[in-house]
Amino acid sequence: MRRPKPILLQGHERSITQIKYNREGDLLFTVAKDPIVNVWYSVNGERLGTYNGHTGAVWCVDADWDTRHVLTGSADNSCRLWDCETGKQLALVKTSSAVRTCGFDFGGNIIMFSTDKQMGYQCFVSFFDLRDSSQIEKNEPYMKIPCSDSKITSAVWGPLGEFIIAGHESGELNQFSAKSGEQLSNIKEHTKQINDIQTSRDMTMFITASKDNTAKLFDCTTLEHLKTFRTERPVNSAALSPIFDHVVLGGGQEAMDVTTTSTRIGKFEARFFHLAFEEEFGRVKGHFGPINSVAFHPDGKSYSSGGEDGYVRIHYFDPQYFEFEFEA
């Protein structure tokens, strides 16, 4: 798969932890193990600005439906809400431990975030309704769900904001109701930690990335396990194409085999699989360390990857990609 030169985004001093497009896809948000939250124009890789305030690694980022607000969670024991356009910090929620995952519901009015199990504190998922300002002011979420068994390592909202889907260190997946907080269902298809969960564009399915060297596709509502994509190394992130039956995986943990080829080309690859056939059909090199986060542009014509090397790369697909017919 030959393709035009990727756009390299250099705005972080440490490993990338998450990258995320807004719904329109004109903006790409990136966070890393440094305190900087960056936003870029996805079309040309120009940096639009930063959101400044965190004092530790930033683990997660999300933008709401109409890109008015940005949400970030950090190892500085805080979750912060920002004005997307001005960069102004609108709210600060202090927590007892690092904020690992965060997200806006479909309407952008409710935020959820999960905190790590550390220093005697257990893992919690907290829900705040932004329409009720007293919740943030008093740091009183309308609901707080304890997760005593295994900490949450990735979480996303399900369709219509009725529940969240959480992946755990143990490899378990469950749904928590956003109304009652009760656990609606629980399954264990992965044998090791779930590193990433991303939903399909229409919110009917989601894909998980796990330390057990696989990514798996599930039904959002029933949690039925649909497909498995196998690799030889831990999968850190996985994303679903919005236009094709394609999946991109990023990962790679072990020291790469030392070769005599030029070291100017990073050897860590994004890997493309066909959704229906579970077969790999392409790889894209470029990063100098494991890929920690991948995301498809909402129009499906490009994808981005963020690596342990601190770089974010925006890759535009070449014309062959759109004409590619999968031969089963």
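The values are calculated or read from the model by the stated rules, or taken from the named source; none is laboratory data. Quantities reported herein were computed from a predicted structural model and do not represent experimental measurements. When we count neighbours, we look across all protein chains shown, and the Cβ atoms used for this are built from the backbone with ideal geometry, even at glycine. The protein model used for the area step is the full one, side chains on, heavy atoms only, and it has no ligands, DNA or RNA in it. Shrake-Rupley method; radii C 1.70, N 1.55, O 1.52, S 1.80 Å.
Among the candidates W40, W65, single out the residue that is of a type in the set (F, W, Y) and either in a strand (DSSP E or B) or over 17 Å from the mean Cα position of the chain (by Cα) (or both). Write out each step before concluding.
On the way: W65 fails: either in a strand (DSSP E or B) or over 17 Å from the mean Cα position of the chain (by Cα) (or both).
None of the other options fit; the residue is W40.
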Hey, C147 in contact with a Pro (Cβ under 9 Å, 6 or more places away or on another chain) and modelled with pLDDT under 95 or not: no
Sole residue being assigned to a strand (DSSP E or B) and buried (at least 22 other Cβ atoms within 10 Å of the Cβ), chosen from T72, T50: T72
Enumeration of residues in segment 34-47 that are more than 16 Å from R80 (Cα to Cα), open to solvent by less than 70 Å² (accessible area, probe 1.4 Å) and not hydroxyl-bearing (S, T, Y): W40, G45
Total residues in segment 271-294, condition open to solvent by less than 10 Å² (accessible area, probe 1.4 Å), under 22 Å from I197 (Cβ atoms) and not hydroxyl-bearing (S, T, Y): 5
Residues within segment 206-230 that are farther than 15 Å from F277 by Cβ and either assigned to a loop (DSSP other than H, G, I, E, B) or open to solvent by 30 Å² or more (accessible area, probe 1.4 Å) (or both), tallied: 10
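So in segment 53-68, with the set limited to residues that are of a type in the set (A, V, I, L, M, F, W, C) and open to solvent by 40 Å² or more (accessible area, probe 1.4 Å), which one is farthest from I291 (Cα to Cα)? So that I can check it myself, show each step before the final result.
Looking only at segment 53-68, we keep the residues that are of a type in the set (A, V, I, L, M, F, W, C), and these are 57-61, 63, 65.
Restricting the remaining residues to those that are open to solvent by 40 Å² or more (accessible area, probe 1.4 Å) gives 59, 65.
Details: W59: 15, W65: 26 Å.
Of everything passing the filter in segment 53-68, W65 is farthest from I291 (Cα to Cα).
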Residue in segment 110-117 that is in a strand (DSSP E or B), modelled with pLDDT of 95 or more and either surrounded by fewer than 15 Cβ atoms within 10 Å (Cβ to Cβ) or small (G, A, S) (or both) present: yes
Subset tally (residues that are surrounded by 20 or more Cβ atoms within 10 Å (Cβ to Cβ) and in a loop (DSSP other than H, G, I, E, B)) for segment 1-32: 2
All positions within segment 20-50 that are in contact with a Phe, Trp or Tyr (Cβ under 7 Å, 6 or more places away or on another chain), among the hydrophobic types (A, V, I, L, M, F, W, C) and in contact (Cβ under 8 Å) with a residue 60 or more places away in the chain: L28
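Looking only at segment 93-109, count how many residues are free of Cβ contacts under 8 Å to residues at least 40 places away in the same chain and either under 15 Å from D132 (Cα atoms) or surrounded by 22 or more Cβ atoms within 10 Å (Cβ to Cβ) (or both). Can you show your working first?
Taking segment 93-109 as the starting set, the residues that turn out to be free of Cβ contacts under 8 Å to residues at least 40 places away in the same chain are 95-97, 109.
Then keep just the ones that are either under 15 Å from D132 (Cα atoms) or surrounded by 22 or more Cβ atoms within 10 Å (Cβ to Cβ) (or both); that gives 109.
Adding up the residues that qualify gives 1.
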